[in-house]
Amino acid sequence: MMAKDQATMDVTLTMDTAQPRRLDQMVQGVLGGAMARPEGPLKVRGAATYAAEHAVADLAEGVLVRATITKGKVKAIDEAAALKLPGVIAVLTGGPLLRNPAQGQASEAPEQVLPEVHYFGQPIAVVVADSFENARHAAQTLRVTYTEAKAEVDPETASTVERPKKSQIETGDFDAGFQAGAHQIDALYHTEPHTSAAMEPHASIARWDQGRLELWGSYQMLKHNVAELADAMGLPESKVRIHAPYVGGGFGGKLGIAPEAVAAAHAAREIGRPVRVVMARQQVFDMTLRRTETAQRLRLACDATGKITALAHEDRVSNLPGESYSEPVAQGTHFLYGGADRRFTHEVARVHRPAAGSVRAPGEAVGMIALECAVDELAEAAGIDPVELRLRNLPKTAPKGDLPFSENALGRCLKEGAARFGWDKRGTTASRRDGDWWVGLGVAAAVRTNVLEESIARVTLEPDGSATVATDMTDIGTGTYAILSQIAAEMLGLRPDQVTVKLGDSDLPKSSGSGGSFGAQSCGSAVFLACQGLRAALAKRLGTTEEELTLKDGTATSGNRRVPLADVLDSGLSATGHIKPGDTEDDFAIAGYGAHFAEVRVHAFTGEVRVARMLGIFSIGRVLNRLTAESQCHGGMIWGIGSALSEELQHDRRDGRIVNHDLAGYHVPCHLDVPQLDAVLLEDTRDDQANPIQAKGIGELGISGAAAAIGNAIFNACGVRVRDFPATPDKIFPHLPFDDWG
Amino acid sequence: MQISLNINGEDHKVDVDLRRSLLDVLRHDLALTGTKKGCDHGQCGACTILLDGRRINSCLSLAVMHDGATITTIEGIGTAEDLHPLQRAFVAQDGYQCGYCTPGQIMSALAMLTEAEEGWPSYISESLEAEPDLTDDEIAERMSGNLCRCSAYPRIRQSIAEARAQMRAAK
């Protein structure tokens with residue numbers, strides 16, 4: 001029965017045209033609500049198993065060894081001495097070991113360069129022993145000699161600077177347009193490098209069974225990770241299986257296969273025994289991808305009414321030689337505001353700092369800091385309220401390519417946000433004091449490009465009327481288990497607890513994976529399509545059409561016929577849904593929009609900044625689960641607080657190493673840095689061009705622009721315009737109003 | 001060296017490497033992986049357990065220092081059928097995202113509530129003598145040793161406040 005129906009039940013959709021709002025016609029009423037995560041009870045009991053925690057028998061422990069030079073070659077490793085230490089089984093270097101993690105969606109091995117060393121902290125060996133302590137001791141005492149070469153580590157003075165052709169864009173005559181403006185801003189902004197710093201360090205357990213590699217890892221995109229790991233190990237993809245049922249945070253840091261996975265796989269193959277390699281926290285900082293520092297020059301001109309007429313966003317980022325990725329700093333600037341005369345330049349300095357890659361909202365997370373602070377500067381220069389200036393600059397079509405917007409609620413977010421936040425109480429610059437604290441308000445727009453990625457999911461209706469969703473998608477804290485069970489339950493008329501969601505196994509149908517805020521919509525669309533296939537098959541069995549079929553509470557209704565779902569399932573039904581991006585992404589500018597509002601307090605004597613209140617209001621199309629969506633907003637906004645005030649990787653100016661490579665030196669926000677937040681979702685918006693479930697990404701929108709709202713609030717509070725982020729007290733306190741020195 | 005530990009009410013005898021942290025004894029020797037390793041340096045709080053009733057970072061303590069100790073871990077405060085009020089509140093309020101810091105947040109909160117009941121002031125308490133008023137700021141200060149990179153902080157504190165209200169009502 002199943003095989004016979006299969007061809008008609010599988011549904012593939014290429015997103016070439018707007019899709020009907022089918023989910024709005026469903027009646028189960030479980031989608032969009034604040035449903036608690038189904039895996040929650042496991043997480044709160046410590047019973048969800050993360051990468052290093054899977055029970056694999058006969059494990060040996062591997063510890064990575066890092067390079068202590070910046071550039072050159074490993075001349076010798078005293079393997080013999082290490083092997084004499086208690087418990088040491090092997091010392092492995094060279095071979096497939098990775099220089100750094102694969103970039104997101106690379107699907108091929110990253111650089112494998114040993115014995116060459118390209119940055120301080122690069123993994124150069126893995127020491128395997130019978131216990132973690134023995135492996136760590138041998139790794140820490142391993143004698144390594146090098147041949148050193150000179151290395152450039154400063155992006156400002158680097159001799160190799162690439163200018164990718166597609167990122168140098170001139171429209172109209174920028175120089176003339178800028179000169180002709182009634183008001184002009186020309187400002188240099190800098191942001192320091194960031195790191196993902198997921199709470200779960202990168203960890204892998206590798207086991208070989210008859211030539212097939214099984215790996216338990218902490219990874220975001222399994223179909224790409226399988227390809228990367230297979231390529232690194234010289235295997236066909238069919239010989240690699242990766243499990244990642246729970247991922248302790250990703251944020252881009254676990255997009256691509258990382259050194260510990262290949263080290264574990266290599267070591268396990270060499271010693272004929274399963275091996276676990278867990279990065280120490282310092283190694284996570286040293287050996288995984290950072291977000292580049294940026295230098296950004298913003299030039300904006302507007303006419304007397306505040307209308308932006310000329311805009312230039314020019315930036316320099318950096319990366320290691322050989323890495324094709326570069327932070328797309330101006331990504332949001334291309335379509336946020338108009339202006340006929342435009343210039344974009346993008347430079348990539350080649351330096352021997354740890355490799356740069358994607359960290360939450362690559363592009364907008366740092367580009368929007370400079371853009372949205374510069375827009376605030378323009379508003380100040382033009383004497384126009386910053387909310388009003390933005391409202392006057394909402395383009396009718398996307399400036400880049402003159403494309404229509406699929407859905408753009410920026411204006412609504414600015415207005416509704418301002419009203420909810422009490423924006424009308426914002427005073428003039430440095431006009432509000434509360435004891436020793438200056439108080440001010442700031443605003444910034446939020447925008448994040450929206451992407452649909454190819455994704456497949458299988459949904460099975462079991463004979464008892466329950467359902468199973470299966471896909472290699474991951475849940476990195478984003479709520480995938482919850483939203484996929486809700487989509488399937490809504491479509492099939494079930495309670496969400498009747499839907500079992502199986503994720504994080506590369507043998508399951510291949511999804512987009514988690515990244516770029518595309519996971520929920522891409523994988524959710526695949527589940528939606530599979531359910532449509534099931535609905536059509538059920539309709540056929542009941543002698544009706546899919547449109548006429550109502551599924552609710554486990555009952556199928558068509559006309560005056562009502563039957564329990566389980567009665568028409570026989571041995572069960574299974575369908576695959578397959579979504580592919582299509583013409584809509586070329587025909588429309590598709591993005592999530594929002595606005596951030598912040599109230600900060602700046603200490604009048606020390607320059608310390610505290611965020612007192614923050615409101616983010618977002619338009620992301622259909623909200624799949626209000627609870628998890630709001631949590632994503634909180635996460636993004638708090639990352640905004642971190643990038644505004646405290647997060648910076650500090651590179652040693654001599655050798656490029658990350659000096660503050662732990663959580664005591666790299667300051668992610670803690671509880672007391674974060675007030676209760678107001679995250680508002682416009683729940684009535686739908687994006688018909690985005691995908692068949694009309695939902696857009698949220699995980700990255702919440703950070704985009706958030707730090708700028710804080711920077712702008714600092715200016716409003718005390719009159720100090722910070723252009724180098726994070727806005728640590730040393731950058732504020734020398735410029736504080738003098739008359740407060742008592 | 002062999003040590004005895006009472007963990008979640010059960011006695012264990014463990015032969016430990018002198019260099020082994022209490023955290024690694026829990027995770028590696030006893031398969032109690034609910035206690036998490038986030039930094040191994042006392043900087044993140046993911047490894048928080050109760051040692052003789054008080055919260056500690058189990059990564060910062062060598063196991064051999066604790067022969068005879070009584071330990072409570074996340075596995076010891078609730079069951080699948082009967083979650084602890086803190087566990088229930090974290091699920092209901094979405095007081096987590098990836099879940100990796102969650103056991104540490106919950107164990108830290110559990111001890112923190114006891115500290116407040118016992119009248120301990122915090123760095124930001126107005127008075128050193130008055131019974132602490134566990135405002136959102138007070139909870140934040142007392143929980144700042146537990147990092148959450150997903151940044152579920154607002155809802156972690158809402159979860160703690162809700163659980164506290166329930167625990168007090170149940171008394």
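Considering only DSSP states other than H, G, I, E and B, which GluC sites (Glu not before Pro) in region B:125-169 qualify as loop sites with at most 16 other Cβ atoms within 10 Å?
B:Glu126, B:Glu129
In region A:53-117, what trypsin sites (Lys or Arg not before Pro) fall in a loop by DSSP, with at most 14 other Cβ atoms inside 10 Å?
Hits after loop and neighbour filter: A:Lys84.
Which entries in the list A:Lys540/A:Lys580; A:Lys73/A:Lys150; A:Lys510/A:Lys580; A:Lys43/A:Lys510 go over 18 Å, if you measure between the two C-alpha atoms of each?
Where the Cα-Cα span goes over 18 Å, the pairs concerned are A:Lys540/A:Lys580; A:Lys43/A:Lys510.
R0 = 41 Å: FRET efficiency of A:Ser571 with B:Lys13, Cβ-based, nearest 0.05? Intermediate results must be reported in sequence, preceding the final value.
Numbers: r = 52 Å, r/R0 = 1.26.
After rounding, the FRET efficiency stands at 0.20.
By the gyration tensor of its Cα atoms, with a ≥ b ≥ c the square roots of the eigenvalues, what is the shape of region A:312-448: rounded for a/c under 1.5, prolate for a/b over b/c, or oblate? Numbers along the way, then the final one.
Details: a/c = 2.26, a/b = 1.45, b/c = 1.56.
It is oblate, given that a/c is not under 1.5 and a/b is not larger than b/c.
Label-point separation (nm) for A:Leu188 and A:Lys400, each offset 7 Å from Cα along Cα-to-Cβ?
Here the modelled spin labels are 2.5 nm apart.
Please list the equivalent ellipsoid semi-axes of region B:85-170, computed as the square roots of five times the alpha-carbon gyration tensor eigenvalues, in descending order and whole angstrom.
Semi-axis lengths for region B:85-170 are 21, 14, 10 Å.
For chain A, what is the calculated [θ] at 222 nm in deg cm²/dmol (nearest 500), taking -39500 (n - 2.57) for each run of four or more DSSP H residues and dividing by its residue count?
-7500 deg cm²/dmol
Can you divide the C-alpha Rg of region B:2-76 by 2.2 N^0.38 Å and report the result to two decimal places?
Details: Rg = 10.8 Å, N = 75, 2.2 N^0.38 = 11.3 Å.
Working it through for region B:2-76, the quotient is 0.95.
Grab the beta carbon distance between A:Asp507 and A:Phe605, set R0 = 60 Å, and tell me the FRET efficiency rounded to 0.05.
In this case the efficiency is close to 0.50.
Which GluC sites (Glu not before Pro) in region A:72-174 pass both tests, a DSSP loop state and at most 15 other beta-carbon atoms within 10 Å?
Those satisfying the criteria are A:Glu108, A:Glu156.
Can you list residues whose amide H is under 5 Å from B:Ser21's amide H, if they're 5+ apart or on another chain and H is modeled 1.01 Å from N?
Residues meeting the criterion, in which the H sits 1.01 Å from N, are B:Ala63.
If the chain between A:Val56 and A:Asp78 were fully stretched, how many nm would it gain, using 0.36 nm times the residue separation less the Cα-Cα distance? Can you show the working numbers first?
Values: separation 22, 0.36 × 22 = 7.92 nm, distance 3.05 nm.
Extending this stretch completely gives an extra 4.9 nm.
When DSSP assigns beta bridges and you keep just the ones with both residues in the protein assembly as shown, what percent turn out antiparallel, to the nearest 5? Before the final figure, lay out each step's value.
On the way: 113 of 151 bridges.
Looking only at bridges with both residues in the protein assembly as shown, the antiparallel portion is about 75 percent.
Could you tell me which of rounded, prolate or oblate describes region A:590-742, using a ≥ b ≥ c as the square roots of the eigenvalues of the alpha-carbon gyration tensor, with rounded for a/c under 1.5 and, failing that, prolate when a/b is larger than b/c and oblate otherwise?
Cα axes put region A:590-742 in the prolate bin.
Rounded, prolate or oblate, given the Cα gyration tensor of chain A, with a/c below 1.5 counting as rounded? Spell out each step's value before the answer.
Details: a/c = 1.83, a/b = 1.07, b/c = 1.72.
Oblate is the answer for chain A, as a/c is 1.5 or above yet b/c matches or exceeds a/b.
Just tell me which lysines come within less than 20 Å, Cα to Cα, of A:Lys400; anything on the same chain fewer than 8 places away is out.
Filter leaves A:Lys165, A:Lys166, A:Lys307.
Can you tell me, using C-alpha contacts under 8 Å and at least 6 residues apart, the relative contact order of chain A as a whole percent?
Averaging sequence separation for qualifying contacts and normalising by length gives 19 percent for chain A.
If contacts are Cα pairs under 8 angstrom and at least 6 residues apart, what is the relative contact order of chain B in percent? Working shown, then result.
On the way: 291 pairs, mean separation 38.9, N = 171.
Computed over chain B, the figure is 23 percent.
Cross-link candidates for A:Lys425: which aspartates and glutamates have Cα within less than 13 Å, leaving aside residues fewer than 8 places away along the same chain?
Within the straight-line limit of under 13 Å, A:Lys425 reaches these aspartates and glutamates: A:Asp385, A:Glu599.
Could you tell me the accessible area of A:Thr345 in Å² (1.4 Å probe, neighbours in place), rounded to the nearest ten?
Rounded to the nearest 10, the figure is 40 Å².
In straight Cα distance, which lysines are under 27 Å from B:Lys13, not counting same-chain residues fewer than 8 positions off?
B:Lys36, B:Lys37
Over region B:2-76, what is the mean sequence separation of C-alpha contacts under 8 Å (at least six apart), divided by residue count, expressed as relative contact order in percent?
Reported relative contact order: 40 percent.
The values are calculated or read from the model by the stated rules, or taken from the named source; none is laboratory data. Bear in mind the structure is a predicted one, so any value in this text is a computation, not a measurement. Note that each Cβ is placed from the backbone with ideal geometry, even for glycine, and that neighbours are counted across all protein chains shown. These area figures cover heavy atoms from the full protein model, side chains too; ligands, DNA and RNA do not enter into them. Shrake-Rupley method; radii C 1.70, N 1.55, O 1.52, S 1.80 Å.
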